[in-house]
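Reviewing the structure listed below.
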């Protein structure tokens, strides 16, 4: 029997819409990691919340492989666009994941049969999507000019902060791998440094957002927009994962 499918995201918010209808069977918490055992249509799942960035992903996947033997790693969550053709809610299927070292270096590629299955589903559903390289960065990239520059420099169509490390573990453990992200911020939209809004468990703290808004009233009018963008991205992630799992990826 094949092992559980591990769906890996940095933040609880990114998997909120997908996980709300799933019944947790067991929860393992070891900061910064949360691993939730659950199932979807009799397929065993592990929902892995890592926290943001390389170091947290390394710790989380070390724990994951210490406790489990997943059959497939899916890296998902929000991404920032580097290309103006990508808009909030669009899905990005990472054909490969890159880092800068100092030039663009490919550290892993999504498994070809998984890419083909994703392509077939997305074409059938007609959901907005793009296939191309993802660039994993080591800090939030919040300014439009830097997002565009990194896209030009690397050839990546979107940015995230975790997929390269997930891909490294997939290569190391010889596991199938798929990187699928949803665009949160278009290339033209500057972001606040949202790491300041996170708590020790790497989840968003509403009180921190409120205090930031009080100190920066001009930013207050942007908060509903960011909430709307996050909702669009979460919806895209959830409906893709549901459709993908219904097709039995392994």
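Read-outs: derived from the displayed coordinates by stated rules, not from any lab. This is a predicted model, so every value here is computed, not measured. Here Cβ is always computed from backbone atoms with ideal geometry, including for glycine, and neighbour counts include all displayed protein chains.
Annotations
- Counting neighbouring Cβ atoms within 10 Å and putting the fewest first, the residues 163, 19 line up as 19, 163.
- Of 205, 74, 237, the one that fluctuates the most in a GNM where the chain has Cα springs shorter than 10 Å: 205
- Across the alpha-carbon set of the stretch 1-160, the Rg to Rh ratio works out to 0.96, Rh being the Kirkwood radius.
- Approximating the spin labels as points 7 Å out from Cα along Cα→Cβ, the residue 23-to-residue 142 distance works out to 4.3 nm.
- When both the stretch 148-167 and the stretch 41-104 are represented by their alpha-carbon centers, they are found 12 Å apart.
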